[in-house]
1. Select, from B:ALA143, B:ALA187, the only residue that is open to solvent by less than 50 Å² (accessible area, probe 1.4 Å), under 18 Å from A:VAL199 (Cβ atoms) and modelled with pLDDT under 95.
2. Looking at region A:155-196, which of its residues are more than 13 Å from every other protein chain (Cβ to nearest Cβ) and assigned to a loop (DSSP other than H, G, I, E, B)?
3. Could you please give the count of residues in region B:212-229 that are assigned to a loop (DSSP other than H, G, I, E, B) and either over 20 Å from A:ASP223 (Cβ atoms) or facing chain A (nearest Cβ under 10 Å) (or both)?
4. Determine if region A:40-49 includes at least one residue that is within 16 Å of DNA strand D (Cβ to nearest atom) and within 14 Å of chain B (Cβ to nearest Cβ).
5. Check whether at least one residue in region B:8-20 is loosely packed, with under 15 Cβ neighbours inside 10 Å, in the same structural domain as B:SER73 (by TED's automatic domain parsing) and within 17 Å of B:GLU97 (Cα to Cα), and report yes or no.
6. Conditions first: (1) over 23 Å from A:ASN104 (Cβ atoms); (2) buried (at least 19 other Cβ atoms within 10 Å of the Cβ); (3) touching a residue at least 60 places away in the same chain (Cβ under 8 Å). A:ALA225 passes all but one, so which condition is the exception?
7. Answer with yes or no whether A:ILE180 is outside the structural domain of A:THR51 (by TED's automatic domain parsing) and under 17 Å from the mean Cα position of the chain (by Cα).
8. Is there any pair linking a residue in region A:87-102 that is under 19 Å from A:LEU194 (Cα atoms) to one that is within 16 Å of DNA strand D (Cβ to nearest atom), with Cβ under 6 Å and at least six apart or on different chains, and which?
Protein chains: 2
Amino acid sequence: MGLARQRSGTNAFAMDVLCARILERHRDSVRVQKPHLAVPNLTRIIGATLTLSNKHGFHATTLRQLAEASGLSMGGLYTYFDSKPTLLSMILGEVAETVAEVLNQPPADVKQDARKHLHWIIATHVRMSEAMQPWFVFCFMEAKSFPPAERQRAIDMEVMTEKIIAGVLKQGVASGVFAIDQVTLTASLIKPLLQDWYVKRAKYRRRGTSIETYINAVSTFADAAVAGRTRPSRVATGSRTKSRQTAHP
Amino acid sequence: MGLARQRSGTNAFAMDVLCARILERHRDSVRVQKPHLAVPNLTRIIGATLTLSNKHGFHATTLRQLAEASGLSMGGLYTYFDSKPTLLSMILGEVAETVAEVLNQPPADVKQDARKHLHWIIATHVRMSEAMQPWFVFCFMEAKSFPPAERQRAIDMEVMTEKIIAGVLKQGVASGVFAIDQVTLTASLIKPLLQDWYVKRAKYRRRGTSIETYINAVSTFADAAVAGRTRPSRVATGSRTKSRQTAHP
DNA sequence: TTTCTTAGTGAGCGCTCGCTCGTTTTTCCG
DNA sequence: CGGAAAAACGAGCGAGCGCTCACTAAGAAA
């Protein structure tokens with residue numbers, strides 16, 4: 001909702017926008033009331049948490065490091081969360097909410113055409129994970145050390161994305177555009193192709209692989225796998241929809 | 001070398017075989033000399049390390065838990081390694097060595113045919129990761145918290161596998177069997193398909209997806225992506241080579 | 001100005017960590 | 001056997017963890 005109203009031209013995935021959403025959701029547990037103080041502080045806390053955790057792991061990140069990196073004191077941190085696990089669940093919750101919100105609202109014109117829809121999901125997911133890379137890496141790498149409730153939420157998030165893909169594949173098979181005999185398995189093989197972009201981001205950066213090149217390659221790869229009748233020879237490069245998630249550069 | 005001499009019928013990827021190889025490599029730092037004591041003890045230590053680390057993370061696994069789970073005392077553990085990071089590098093080193101050894105020695109008949117070779121790599125990698133699942137998961141999930149030297153080794157391992165795939169793709173393009181314009185990028189998209197089997201093993205187990213089904217699906221997927229002229233309609237199910245890594249059930 | 005509220009501080013608490021070392025138990029061979 | 005060498009033990013160490021709380025600074029209300 002906060003996300004849907006986002007003006008185009010503003011980055012809906014910017015740190016401070018996401019952190020403002022976190023604040024809204026945790027308004028009664030965060031003890032700082034004034035947004036003009038709370039938003040920048042929480043932004044620095046979350047930013048430091050993502051940076052440090054993605055380097056050494058969340059468990060290995062100490063609150064003293066976090067205090068130093070975010071410019072607050074030990075006690076100051078505890079006016080923004082009541083325990084270290086809470087901090088973790090703030091991040092996970094925001095990612096889960098955002099992913100669900102974005103992927104479940106494809107533009108109307110895209111829904112009609114299974115192949116278009118598949119390409120939209122690929123492009124949207126890759127671009128979203130690019131804009132929120134530290135967040136995605138955090139969820140992926142730390143999921144196993146989450147407390148049970150958060151862990152289940154991470155699994156649900158994974159399952160949801162796969163179900164969305166599977167749904168599109170099924171639609172494509174029904175309308176005769178795709179020819180797949182194991183829809184679920186195919187969907188679960190497309191998923192890791194989306195994840196590779198953020199899990200191994202450093203490798204692609206080193207090689208100079210652009211996000212458009214990557215989206216194009218995955219789309220071509222997926223097209224070949226779903227083996228439709230009308231097989232396009234190439235996916236248009238840089239084809240962006242008008243939707244908000246492409247607002248960032 | 002220890003691996004190459006393995007008799008067929010014996011599981012070359014069994015815990016105790018791998019741990020015996022670790023002992024050999026660390027003979028001068030392990031203080032227990034007698035193999036009939038050292039092998040079973042180290043096997044229990046490594047086993048407990050993998051189990052506990054894959055559940056909570058290596059960093060969160062304490063030496064007291066490890067002592068309890070392996071049936072040794074705190075002090076007893078330290079006759080097998082001199083520090084916690086050493087224990088980590090024992091595991092990583094063994095995986096790196098084994099992967100390199102196995103994937104770099106394809107059967108002679110397979111080397112000639114690029115498509116066969118690609119299928120062999122897929123089947124071999126998936127079967128190896130199945131037999132050594134906890135080891136592979138450990139390396140994948142803990143890589144970011146390795147000390148720099150070990151971390152580089154993990155990256156090298158990743159790069160090596162990808163290079164092997166890329167090499168086969170290049171060969172296939174040269175011999176006209178494959179038609180790909182971005183060999184490296186295609187290779188780096190095949191890699192996560194191999195990893196998904198062990199990273200998300202629980203999901204596939206829950207769904208009852210057999211290893212043969214998975215190998216077959218990935219092979220078909222890859223075949224479609226490399227878009228050769230002579231396109232086989234289906235990969236033979238359960239086609240095993242005579243090589244040692246298929247000895248386990 | 002004075003008072004009251006909110007945001008932020010940091011030394012210190014209880015606890016557990018990785019690791020050590022003097023001691024005890026087990027093994028093995030003459 | 002007996003006894004020395006090898007292996008295993010586990011209480012204890014200093015360090016550093018997550019977290020607390022008596023406190024101060026600063027802005028708003030009176």
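The values are calculated or read from the model by the stated rules, or taken from the named source; none is laboratory data. The model shown is predicted, which means the values in this text are computed figures rather than measured ones. Cβ coordinates were reconstructed from backbone atoms using ideal geometry, including for glycine residues, and neighbour counts include every protein chain displayed. Heavy atoms of the whole protein, side chains included, go into the accessibility calculation; ligands, DNA and RNA do not. Shrake-Rupley method; radii C 1.70, N 1.55, O 1.52, S 1.80 Å.
1. Details: B:ALA187 fails: modelled with pLDDT under 95.
Result of the check over B:ALA143, B:ALA187: B:ALA143.
2. Within region A:155-196, A:SER175, A:GLY176, A:VAL177 meet the criteria.
3. The qualifying residues number 1.
4. The answer is no, given that none of the residues of region A:40-49 is within 16 Å of DNA strand D (Cβ to nearest atom) and within 14 Å of chain B (Cβ to nearest Cβ).
5. Taking region B:8-20 first, the residues loosely packed, with under 15 Cβ neighbours inside 10 Å are B:8-10.
Those left that are additionally in the same structural domain as B:SER73 (by TED's automatic domain parsing): none.
The answer is no, given that none of the residues of region B:8-20 is loosely packed, with under 15 Cβ neighbours inside 10 Å, in the same structural domain as B:SER73 (by TED's automatic domain parsing) and within 17 Å of B:GLU97 (Cα to Cα).
6. It fails just one condition, (3).
7. Taking the combined requirement at face value, the residue does not satisfy it.
8. Taking only residues 6 or more apart or on different chains, the pairs are A:LEU92/A:GLU150.
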